[in-house]
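Contents: one structure, followed by commentary.
The values are calculated or read from the model by the stated rules, or taken from the named source; none is laboratory data. Given the structure is predicted, the values throughout are model-derived calculations rather than measurements. As a convention, Cβ positions derive from the backbone with ideal geometry for all residues, glycine included, and neighbour counts pool all protein chains shown. SASA here: full protein model, heavy atoms, side chains in, ligands and nucleic acids out. Shrake-Rupley method; radii C 1.70, N 1.55, O 1.52, S 1.80 Å.
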Amino acid sequence: MVLSRAHANYSGQLALRANRITHDVGVFSSRWLVLMGLMLPLQVATMAFGQNIRVPWKHSDEPLRFDSDAPWLGIMGAILLTFAACLALAWSRSYLSLGI
């Protein structure tokens, strides 16, 4: 009688632990899904740097010259600002909370 009750309690504890681990994995997966959803558009935007596309602020008479680093800094700044804004929005809506 005591042994069967101890076994039932142990099985119940294992079931609760398995449920908790499943929940933690789901939370972790949803957070990574949000982060990857934010980073995928950044990957598409940065792919354009490696392609032969028309670059903004480029001289038409000199094909590989820029006035300064302003075009590159402007494009990268816009990409990083967009990522930071989306990250802040996801954080404020508790998609990326610490779970404490």
- Query: Out of (1) modelled with pLDDT under 85; (2) surrounded by 10 or more Cβ atoms within 10 Å (Cβ to Cβ); (3) under 13 Å from the mean Cα position of the chain (by Cα); (4) assigned to a helix (DSSP H, G or I), the odd one out for Y95 is which?
  - Reply: (4)
- Count of residues meeting criterion [loosely packed, with under 12 Cβ neighbours inside 10 Å and in contact (Cβ under 8 Å) with a residue 40 or more places away in the chain] in the stretch 68-91: 0
- Item | Residue check for S30: of a type in the set (G, A, S), open to solvent by less than 90 Å² (accessible area, probe 1.4 Å) and touching a Phe, Trp or Tyr at 6+ places or on another chain (Cβ under 8 Å) | yes
- Just one of M47, M36 is at pLDDT 75 or above, under 13 Å from the mean Cα position of the chain (by Cα), surrounded by fewer than 11 Cβ atoms within 10 Å (Cβ to Cβ) and part of a helix (DSSP H, G or I); which is it? M36
